[in-house]
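Following: one structure in C-alpha coordinates, then a few remarks.
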Amino acid sequence: MRFRDRRHAGALLVEALKPLGLERPVVLGIPRGGVVVADEVAKGLGGELDVVLVRKIGAPGNPEFALGAVGEKGGMVLKPYALQYADQSYLEREAARQKDVIRKRAERYRKVRPKVPLAGRDVVLVDDGIATGSTMEAALAVVLSEKPRRVVVAVPVASPEAVERLKDQAEVVVLSTPPDFAAVGAYYMDFGEVTDEEVEGLLLQWSA
(Lines give C-alpha, C1' and ligand atoms only; values in the text may rest on other atoms or scores of the structure.)
Protein backbone atom coordinates (compact mmCIF):
# COMPACT_ATOMS: atom_id res chain seq x y z
CA MET A 1 0.00 0.00 0.00
CA ARG A 2 1.22 3.49 -0.91
CA PHE A 3 -0.34 6.73 0.28
CA ARG A 4 -0.65 9.89 -1.77
CA ASP A 5 0.51 12.00 1.15
CA ARG A 6 0.11 12.27 4.93
CA ARG A 7 -3.44 13.65 4.71
CA HIS A 8 -4.55 10.74 2.53
CA ALA A 9 -3.02 8.35 5.07
CA GLY A 10 -4.80 10.16 7.90
CA ALA A 11 -8.17 9.92 6.15
CA LEU A 12 -7.73 6.16 5.73
CA LEU A 13 -6.76 5.83 9.39
CA VAL A 14 -9.99 7.58 10.40
CA GLU A 15 -12.05 4.85 8.73
CA ALA A 16 -10.03 2.14 10.49
CA LEU A 17 -10.43 3.86 13.89
CA LYS A 18 -14.16 4.66 13.75
CA PRO A 19 -15.29 1.14 14.76
CA LEU A 20 -13.37 1.46 18.06
CA GLY A 21 -15.96 3.91 19.43
CA LEU A 22 -13.45 6.34 20.91
CA GLU A 23 -14.99 9.21 22.91
CA ARG A 24 -13.76 12.66 21.87
CA PRO A 25 -10.16 11.43 21.78
CA VAL A 26 -7.04 13.48 22.25
CA VAL A 27 -5.07 12.76 19.07
CA LEU A 28 -1.36 13.18 19.70
CA GLY A 29 0.91 13.63 16.70
CA ILE A 30 4.64 12.94 16.89
CA PRO A 31 6.34 15.98 15.31
CA ARG A 32 6.76 16.76 12.75
CA GLY A 33 5.27 14.55 10.04
CA GLY A 34 2.98 12.70 12.43
CA VAL A 35 1.17 15.92 13.31
CA VAL A 36 -0.24 16.27 9.78
CA VAL A 37 -1.63 12.72 9.94
CA ALA A 38 -2.94 13.38 13.46
CA ASP A 39 -4.71 16.56 12.37
CA GLU A 40 -6.70 14.59 9.81
CA VAL A 41 -7.50 11.89 12.39
CA ALA A 42 -8.60 14.41 15.03
CA LYS A 43 -10.98 16.09 12.57
CA GLY A 44 -12.39 12.77 11.38
CA LEU A 45 -13.01 11.40 14.87
CA GLY A 46 -14.38 14.58 16.43
CA GLY A 47 -11.44 14.75 18.80
CA GLU A 48 -8.77 17.36 19.50
CA LEU A 49 -5.18 17.68 18.37
CA ASP A 50 -2.04 17.95 20.46
CA VAL A 51 1.57 16.78 20.19
CA VAL A 52 3.75 14.40 22.17
CA LEU A 53 7.41 15.33 22.09
CA VAL A 54 9.95 12.56 21.59
CA ARG A 55 13.23 12.29 19.71
CA LYS A 56 15.19 9.43 18.23
CA ILE A 57 18.67 8.60 19.56
CA GLY A 58 20.62 7.83 16.39
CA ALA A 59 23.72 5.69 16.02
CA PRO A 60 27.18 7.28 15.70
CA GLY A 61 27.64 8.35 12.07
CA ASN A 62 24.16 7.10 11.15
CA PRO A 63 21.52 9.28 12.85
CA GLU A 64 18.63 7.58 11.04
CA PHE A 65 19.47 4.21 12.64
CA ALA A 66 17.65 4.33 15.98
CA LEU A 67 19.40 3.05 19.09
CA GLY A 68 16.55 4.35 21.21
CA ALA A 69 14.56 7.48 21.92
CA VAL A 70 13.94 10.04 24.63
CA GLY A 71 10.61 11.52 25.69
CA GLU A 72 9.27 14.87 26.84
CA LYS A 73 9.49 13.83 30.50
CA GLY A 74 13.11 12.75 30.15
CA GLY A 75 12.74 8.97 30.04
CA MET A 76 15.12 7.14 27.69
CA VAL A 77 14.05 3.97 25.85
CA LEU A 78 16.96 1.94 24.45
CA LYS A 79 16.88 -0.89 21.94
CA PRO A 80 18.36 -4.21 23.15
CA TYR A 81 21.19 -3.82 20.63
CA ALA A 82 22.06 -0.20 21.52
CA LEU A 83 25.33 -0.97 23.34
CA GLN A 84 26.57 -2.97 20.34
CA TYR A 85 26.78 0.28 18.38
CA ALA A 86 27.59 2.91 21.02
CA ASP A 87 28.91 3.14 24.56
CA GLN A 88 26.95 4.48 27.51
CA SER A 89 28.63 7.89 27.45
CA TYR A 90 27.64 8.44 23.79
CA LEU A 91 24.04 7.42 24.53
CA GLU A 92 23.84 9.83 27.46
CA ARG A 93 25.36 12.69 25.45
CA GLU A 94 23.03 12.08 22.52
CA ALA A 95 20.02 11.78 24.84
CA ALA A 96 20.94 15.13 26.42
CA ARG A 97 21.25 16.71 22.96
CA GLN A 98 17.84 15.41 21.91
CA LYS A 99 16.27 16.55 25.19
CA ASP A 100 17.49 20.04 24.32
CA VAL A 101 15.70 19.81 20.95
CA ILE A 102 12.55 18.68 22.79
CA ARG A 103 12.82 21.59 25.25
CA LYS A 104 13.07 24.12 22.40
CA ARG A 105 10.16 22.55 20.54
CA ALA A 106 8.07 22.53 23.71
CA GLU A 107 8.72 26.26 24.15
CA ARG A 108 7.50 26.91 20.60
CA TYR A 109 4.54 24.55 20.46
CA ARG A 110 3.16 25.06 23.98
CA LYS A 111 3.03 28.82 23.43
CA VAL A 112 0.67 28.19 20.54
CA ARG A 113 -1.42 25.49 22.23
CA PRO A 114 -1.10 24.62 25.93
CA LYS A 115 -0.76 20.91 26.65
CA VAL A 116 -4.03 18.99 26.74
CA PRO A 117 -4.36 16.90 29.97
CA LEU A 118 -4.64 13.16 29.23
CA ALA A 119 -5.85 11.73 32.56
CA GLY A 120 -9.03 9.73 32.04
CA ARG A 121 -9.18 10.51 28.30
CA ASP A 122 -9.17 8.30 25.21
CA VAL A 123 -5.86 8.94 23.45
CA VAL A 124 -4.79 8.13 19.88
CA LEU A 125 -1.03 8.26 19.36
CA VAL A 126 -0.19 8.95 15.71
CA ASP A 127 2.92 9.03 13.53
CA ASP A 128 3.35 8.86 9.75
CA GLY A 129 4.97 5.43 10.11
CA ILE A 130 7.01 3.19 12.41
CA ALA A 131 10.37 1.66 11.55
CA THR A 132 12.16 0.39 14.69
CA GLY A 133 9.44 1.52 17.09
CA SER A 134 11.82 3.30 19.51
CA THR A 135 10.22 6.72 19.07
CA MET A 136 6.70 5.34 19.51
CA GLU A 137 7.74 3.38 22.62
CA ALA A 138 9.16 6.56 24.16
CA ALA A 139 5.94 8.41 23.26
CA LEU A 140 3.87 5.63 24.83
CA ALA A 141 5.87 5.86 28.06
CA VAL A 142 5.15 9.61 28.21
CA VAL A 143 1.43 9.10 27.53
CA LEU A 144 0.88 6.16 29.89
CA SER A 145 2.48 8.07 32.76
CA GLU A 146 -0.49 10.47 32.58
CA LYS A 147 -3.07 7.71 33.23
CA PRO A 148 -5.33 8.01 30.18
CA ARG A 149 -8.48 5.87 30.03
CA ARG A 150 -7.52 4.18 26.76
CA VAL A 151 -4.54 4.41 24.39
CA VAL A 152 -4.52 3.45 20.72
CA VAL A 153 -1.40 3.61 18.55
CA ALA A 154 -2.47 4.43 14.98
CA VAL A 155 -0.12 4.59 12.00
CA PRO A 156 -0.47 4.13 8.24
CA VAL A 157 2.54 1.81 7.86
CA ALA A 158 4.90 -0.05 10.18
CA SER A 159 7.40 -2.86 10.32
CA PRO A 160 5.80 -6.15 11.49
CA GLU A 161 8.39 -6.51 14.27
CA ALA A 162 7.59 -3.08 15.74
CA VAL A 163 3.85 -3.79 15.64
CA GLU A 164 4.21 -7.07 17.53
CA ARG A 165 6.22 -5.34 20.24
CA LEU A 166 3.81 -2.42 20.56
CA LYS A 167 0.78 -4.72 20.87
CA ASP A 168 2.07 -5.70 24.30
CA GLN A 169 1.74 -2.07 25.44
CA ALA A 170 -1.37 -0.65 23.73
CA GLU A 171 -4.06 -1.24 21.12
CA VAL A 172 -2.53 -0.90 17.67
CA VAL A 173 -4.21 0.08 14.40
CA VAL A 174 -1.95 -0.08 11.35
CA LEU A 175 -3.05 -0.08 7.71
CA SER A 176 -0.01 -1.80 6.20
CA THR A 177 2.78 -4.01 7.59
CA PRO A 178 5.01 -4.87 4.61
CA PRO A 179 7.11 -7.98 5.31
CA ASP A 180 10.03 -6.38 3.46
CA PHE A 181 9.60 -3.04 5.27
CA ALA A 182 11.83 -0.24 3.98
CA ALA A 183 12.04 3.40 5.13
CA VAL A 184 8.68 5.01 6.00
CA GLY A 185 8.96 7.49 3.10
CA ALA A 186 9.00 4.62 0.60
CA TYR A 187 5.26 4.13 1.19
CA TYR A 188 4.28 7.71 0.31
CA MET A 189 4.17 9.33 -3.11
CA ASP A 190 4.61 12.74 -1.43
CA PHE A 191 6.72 12.63 1.75
CA GLY A 192 7.92 16.22 1.87
CA GLU A 193 9.46 17.63 5.02
CA VAL A 194 7.07 19.19 7.54
CA THR A 195 8.36 22.37 9.20
CA ASP A 196 7.96 23.67 12.75
CA GLU A 197 5.95 26.54 11.28
CA GLU A 198 3.46 24.10 9.74
CA VAL A 199 3.07 22.29 13.07
CA GLU A 200 2.52 25.60 14.86
CA GLY A 201 -0.09 26.56 12.26
CA LEU A 202 -2.04 23.35 12.86
CA LEU A 203 -1.88 23.75 16.65
CA LEU A 204 -3.02 27.35 16.32
CA GLN A 205 -6.13 26.24 14.41
CA TRP A 206 -7.05 23.94 17.30
CA SER A 207 -6.47 26.69 19.87
CA ALA A 208 -8.91 29.06 18.18
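Once the Cα gyration tensor of the chain is found, what semi-axes does its equivalent ellipsoid get, as square roots of 5 times the eigenvalues, in whole Å, sorted largest first?
Details: eigenvalues 120, 80, 55 Å².
Whole-Å semi-axes of the equivalent ellipsoid: 24, 20, 17.
Taking every alpha carbon pair in segment 101-200, what does the distance histogram look like in 10 angstrom bins from 0, in percent?
14, 40, 36, 10, 0
When the Cα centres of segment 49-70 and segment 1-46 are compared, how far apart do they sit, in Å?
21
Summing -39500 (n - 2.57) over the DSSP H runs of n ≥ 4 in the chain and dividing by its residue number, what mean residue ellipticity at 222 nm do you reach, to the nearest 500 deg cm²/dmol?
Per the formula, -12500 deg cm²/dmol.
What spacing in nm lies between the two simple spin-label points modelled at residue 24 and residue 97, each 7 Å away from Cα in the Cβ direction?
Modelled inter-label distance: 4.3 nm.
Any idea what Rg and Dmax come out to for segment 55-110 if you just take the C-alpha atoms, in Å?
Expressed in Å, the Cα Rg and Dmax of segment 55-110 come to 11.3, 37.
Mind checking the full-extension length gain between residue 73 and residue 48? Use 0.36 nm per residue of separation minus the Cα-Cα distance, one decimal, nm.
Working: separation 25, 0.36 × 25 = 9.00 nm, distance 2.16 nm.
Working it through step by step, the gained length comes to 6.8 nm.
Report the residue, chosen from 68, 185, 129, that carries the largest GNM mean-square fluctuation when the chain is represented by alpha-carbon nodes joined by springs under 10 Å.
Evaluated over the chain, the most mobile residue of the options is 185.
Can you pull out the GluC sites (Glu not before Pro) in segment 160-208 whose DSSP state is coil and whose Cβ has at most 10 other Cβ atoms within 10 Å? If you can, show how the numbers build up before the last one.
Numbers: sites: 161, 164, 171, 193, 197, 198, 200; in loops: 193.
Passing both the DSSP loop test and the Cβ count: 193.
Roughly speaking, what is the stretch gain from residue 108 to residue 65, that is 0.36 nm per residue apart minus the C-alpha to C-alpha distance, in nm to one decimal?
Details: separation 43, 0.36 × 43 = 15.48 nm, distance 2.69 nm.
Taking residue 108 through residue 65 to full extension adds about 12.8 nm, to one decimal.
Rounded to the nearest percent, how much of the accessible area of the chain (1.4 Å probe, protein heavy atoms only) is carbon and sulfur?
Working: 5010 of 9450 Å².
Of all accessible area on the chain, carbon and sulfur atoms account for 53 percent.
Which of 43/167; 73/111; 18/43; 79/167 have a Cα-Cα distance over 23 Å? Walk me through the intermediate numbers first.
Values: 43/167 25 Å; 73/111 18 Å; 18/43 12 Å; 79/167 17 Å.
In this structure, 43/167 lie more than 23 Å apart at Cα.
The values are calculated or read from the model by the stated rules, or taken from the named source; none is laboratory data. In this text the structure is predicted, and so the values were computed from the model without any measurement. Methodologically, a virtual Cβ is constructed for each residue, glycine included, from the backbone with ideal geometry; neighbour enumeration extends over all protein chains shown. The area values use the complete protein model at the heavy-atom level, side chains included, leaving out ligands, DNA and RNA. Shrake-Rupley method; radii C 1.70, N 1.55, O 1.52, S 1.80 Å.
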